[in-house]
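S.K.: Please see the structure below; I have some questions.
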Amino acid sequence: QYLNADYSAVCSSGTGFIVCWDNNGIEDNYIDKFYNKTSKLEPYNVDWNFTKHQYDIIFINLGTNDYFAVDDLEKEEDKKAKLEEFKEAYVNFLMLVREKYPTAYIISGFGMTHVPLVYTYIEEASKELADKGDKKVFCFQLEEQDIEKDGQARYGHPTIITHKKQAIYIVDKIREILKDN
């Protein structure tokens, strides 16, 4: 509404690149396993028509679930290896999105639930594509949720209040990107 734009949204609980948290019995809840589908559930899991649905902006907010796989590791070298695995998966996903949306701005936003360690690797993944000449890949850190002021939903998830605040923040960042490019 803030951008007066048509939109399509994909929302999936527990989805990640290298780890998923899913209590719904879906084993392969990895984004790359169902990104090409309209849904991951039968009978709706038909192929998405990317030709028919080309967008100007793709906004990605993934990585929080992956963070917990890293945070649970005890050894620093294991954490580093897992973060590198995450970054590689993120780069591959960005390349998949670019393949499907050759002219779109691809924007990665991350950090609402305060897991800054992962943001660095999202930033590096985005930079990797930019360094290869993709001038429409961007990354920015979201504002951290204010649990004391706005509360929290189940398992520390952001509330509707937090999401509304983030929407305004994201719109402002998108406007900056579009203005400067």
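S.K.: Looking at segment 33-50, is at least one residue part of a helix (DSSP H, G or I), open to solvent by 40 Å² or more (accessible area, probe 1.4 Å) and in contact with a helix residue (DSSP H, G or I) (Cβ under 6 Å, 6 or more places away or on another chain)?
M.R.: no
S.K.: While we're on this one: Just wondering, is there one or more residues in segment 81-98 that are modelled with pLDDT under 85 and touching a helix residue (DSSP H, G or I) at 6+ places or on another chain (Cβ under 7 Å)?
M.R.: no
S.K.: Could I ask something else about it? Kindly provide the set of residues from segment 51-104 that are under 16 Å from A130 (Cα atoms), within 16 Å of the chain's Cα centre (by Cα) and either open to solvent by 80 Å² or more (accessible area, probe 1.4 Å) or not hydrophobic (A, V, I, L, M, F, W, C) (or both), ordered by number.
M.R.: K87, E88, Y90, N92, M95, R98, Y101 - these are the residues of segment 51-104 that are under 16 Å from A130 (Cα atoms), within 16 Å of the chain's Cα centre (by Cα) and either open to solvent by 80 Å² or more (accessible area, probe 1.4 Å) or not hydrophobic (A, V, I, L, M, F, W, C) (or both).
S.K.: Looking at S108 and the list (1) crowded, with 18+ Cβ neighbours inside 10 Å; (2) in a helix (DSSP H, G or I), which single condition is not satisfied?
M.R.: Condition not satisfied by S108: (2).
S.K.: Taking the conditions exactly as written (closer than 28 Å to A153 by Cα and either without any contact (Cβ under 8 Å) to a residue 40 or more places away in the chain or in a strand (DSSP E or B) (or both)), does I18 satisfy them or not? Can you show your working first?
M.R.: Values: closer than 28 Å to A153 by Cα: yes; either without any contact (Cβ under 8 Å) to a residue 40 or more places away in the chain or in a strand (DSSP E or B) (or both): no.
It is false that I18 is closer than 28 Å to A153 by Cα and either without any contact (Cβ under 8 Å) to a residue 40 or more places away in the chain or in a strand (DSSP E or B) (or both).
S.K.: Identify, from the list Q152, Q145, Q141, the residue that is among the polar types (S, T, N, Q) and either open to solvent by 90 Å² or more (accessible area, probe 1.4 Å) or over 24 Å from W21 (Cα atoms) (or both).
M.R.: When all the criteria are applied, what remains is Q152.
S.K.: Checking V19 against (1) farther than 29 Å from T120 by Cβ; (2) surrounded by 14 or more Cβ atoms within 10 Å (Cβ to Cβ); (3) of a type in the set (V, I, T): exactly one of these is not met. Which one?
M.R.: (1)
S.K.: Next up: Just name the residue that is farthest from F68 (Cα to Cα) out of those in segment 143-173 that are out of contact with any Phe, Trp or Tyr (no Cβ under 6 Å at 6 or more places or on another chain) and in contact (Cβ under 8 Å) with a residue 40 or more places away in the chain. First the steps, then the outcome.
M.R.: Step one: of segment 143-173, the residues out of contact with any Phe, Trp or Tyr (no Cβ under 6 Å at 6 or more places or on another chain) are 144-170, 172.
This time we only want the ones that are in contact (Cβ under 8 Å) with a residue 40 or more places away in the chain, so: 156-158, 162, 166-168, 170.
Numbers: G156: 13, H157: 14, P158: 16, T162: 21, Q166: 22, A167: 25, I168: 27, I170: 24 Å.
Among those residues, the one meeting the criterion is I168.
S.K.: Is it fair to say F59 is touching a residue at least 60 places away in the same chain (Cβ under 8 Å) and either more than 30 Å from E176 (Cβ to Cβ) or out of contact with any strand residue (DSSP E or B) (no Cβ under 6 Å at 6 or more places or on another chain) (or both)?
M.R.: no
S.K.: Here's something else I'd like to know. Please pick out the residue among D72, D66, D78 that is without any contact (Cβ under 8 Å) to a residue 40 or more places away in the chain, of a type in the set (D, E) and under 25 Å from H157 (Cβ atoms).
M.R.: When all the criteria are applied, what remains is D72.
So that you can scan it fast, the table gives a plain yes or no per residue for (1) at pLDDT 95 or above; (2) under 27 Å from K87 (Cβ atoms):
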| residue | (1), (2) |
| --- | --- |
| Y101 | yes, yes |
| G111 | no, yes |
| V115 | no, yes |
| K127 | yes, yes |
| D131 | yes, yes |
| F138 | yes, yes |
| I147 | no, no |
| R154 | no, no |
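The values are calculated or read from the model by the stated rules, or taken from the named source; none is laboratory data. None of these values were measured; they are calculated from a predicted model. Reconstructed Cβ throughout: ideal geometry from the backbone, glycine too, with neighbour counts over all protein chains shown. Keep in mind that these areas ignore ligands, DNA and RNA; they rest on the heavy atoms of the full protein, side chains included. Shrake-Rupley method; radii C 1.70, N 1.55, O 1.52, S 1.80 Å.
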